[in-house]
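Let me give you the structure first, and then I'll get to my questions.
The values are calculated or read from the model by the stated rules, or taken from the named source; none is laboratory data. Being a predicted model, the structure only gives us computed values, none of them experimental. Don't worry about glycine lacking a Cβ; one is built from the backbone with ideal geometry, like all the others, and counts go over all protein chains shown. Note: accessible area is taken over every heavy atom of the protein model, side chains too, but ligands, DNA and RNA are not part of it. Shrake-Rupley method; radii C 1.70, N 1.55, O 1.52, S 1.80 Å.
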Amino acid sequence: MPEPHQQVRLRRLPDPESLGEAAAHDIAAALVRRLEDRPEVRMIFASAPSQEATLRRLAAHPGIDWPRVTAFHMDEYLGLDAGAPQRFGNWLREVLLDRVPIGTAHLIDPGGDPRATAETYARLLATAPIDITCLGIGVNGHLAFNDPPADLDDPSRVKIVELDEVSRRQQVDDGCFDSLAAVPYRAITLTIPALLSAEEIFCMVPGARKRAAVTAALHGPVDGLLPASALRTHPHCTVYVDEESAPDVP
């Protein structure tokens, strides 16, 4: 994989709401700038409570030509009913996509053949370059559902994965499920190379439970034991933290 760059750009905000406002402002500026000289912008979005403040503000931001934006999301559970509120596609609709006149939204619907769905979604991603990825970091350092140890050079764009218990527990702690038993064991996820294929990455990581992962991602070794460390190989990545998630070292 590529050598790490000197460092990602780190923005430290006082609280989650300020973080969301700052990130949404920067993402909107990147969108508007790109739409000035290209017919469309293709974006990948994370779907998680940590992203809500950013996405709600982005939806309300003026001046974005949303009909020229194509949206993807980065993971989806297997085994949940199509209407389940925990489905990431449903969450993204509620928080962002139903609030703006989005041009095209490609949401992952596992259906009866998840492997075929993953292959179809990979082909959709590959039809043109990705401009922007908006994501977060999991408590175990995952990006999307690439739990450690992750393949930072995965040849696939989209695949089916088994979720580790730390990742599943996070879904309970985030208030998405009532119990660990209710959290699915498998999901479809974009791989790390697919996420990092974007021209620019915005990574929003509020909350004290993320501090250790943020610190390791920004200052530890770049390897699959901490998947988010791969962000340091990207030339245009901004990480947004609040006072609770800010790394333990300067």
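Can you name the condition, by its number, that PRO67 falls short on among (1) free of Cβ contacts under 8 Å to residues at least 40 places away in the same chain; (2) crowded, with 16+ Cβ neighbours inside 10 Å?
Here PRO67 meets the rest and fails (2).
Exactly one of (1) touching a residue at least 24 places away in the same chain (Cβ under 8 Å); (2) within 19 Å of LEU195 (Cβ to Cβ); (3) out of contact with any Cys (no Cβ under 8 Å at 6 or more places or on another chain) is unmet by VAL100. Its number?
So VAL100 meets the others, but not (2).
While we're here: If I filter the stretch 121-132 for residues that are closer than 23 Å to THR54 by Cβ and of a type in the set (S, T, N, Q), do I get at least one hit?
No, because not a single residue in the stretch 121-132 is closer than 23 Å to THR54 by Cβ and of a type in the set (S, T, N, Q).
Mind checking which residues of the stretch 16-52 are open to solvent by 10 Å² or more (accessible area, probe 1.4 Å), in a helix (DSSP H, G or I) and touching a strand residue (DSSP E or B) at 6+ places or on another chain (Cβ under 8 Å)?
ALA22, ASP26, ARG34, LEU35, SER50
Okay, moving on. For the stretch 195-228, which residues satisfy the criterion of being under 21 Å from ASP151 (Cβ atoms), among the small types (Gly, Ala, Ser) and open to solvent by 10 Å² or more (accessible area, probe 1.4 Å)?
Within the stretch 195-228, SER197, ALA216, GLY220, GLY224 qualify.
List pairs: first residue in the stretch 229-250 and more than 23 Å from ASP151 (Cβ to Cβ), second residue in a loop (DSSP other than H, G, I, E, B) and open to solvent by 40 Å² or more (accessible area, probe 1.4 Å) anywhere in the structure, Cβ distance under 6 angstrom, at least six positions apart or on different chains.
Taking only residues 6 or more apart or on different chains, the pairs are ASP242/ASP15; GLU243/PRO14.
While we're here: Give just the number: which of (1) polar (S, T, N, Q); (2) under 15 Å from GLU76 (Cβ atoms); (3) open to solvent by less than 10 Å² (accessible area, probe 1.4 Å) does THR117 not satisfy?
(3)
Restricting to the stretch 143-174, what's the tally of residues that are out of contact with any Asp or Glu (no Cβ under 7 Å at 6 or more places or on another chain) and part of a helix (DSSP H, G or I)?
8
For the stretch 71-92, how many residues meet the condition of being outside any strand (DSSP E or B), within 15 Å of the chain's Cα centre (by Cα) and in contact (Cβ under 8 Å) with a residue 12 or more places away in the chain?
5
Can you tell me which of (1) of a type in the set (Gly, Ala, Ser); (2) in contact (Cβ under 8 Å) with a residue 60 or more places away in the chain; (3) assigned to a loop (DSSP other than H, G, I, E, B) is the one ALA187 doesn't meet?
Unmet condition: (3).
Identify, by number, the condition in (1) out of contact with any strand residue (DSSP E or B) (no Cβ under 7 Å at 6 or more places or on another chain); (2) of a type in the set (Lys, Arg); (3) closer than 25 Å to PHE177 by Cβ that ARG123 doesn't meet.
(3)
OK, next. Do you know which residues across the stretch 101-142 are outside any helix (DSSP H, G or I), farther than 29 Å from ALA212 by Cβ and touching a Leu at 6+ places or on another chain (Cβ under 6 Å)?
ALA105, HIS106, PRO110
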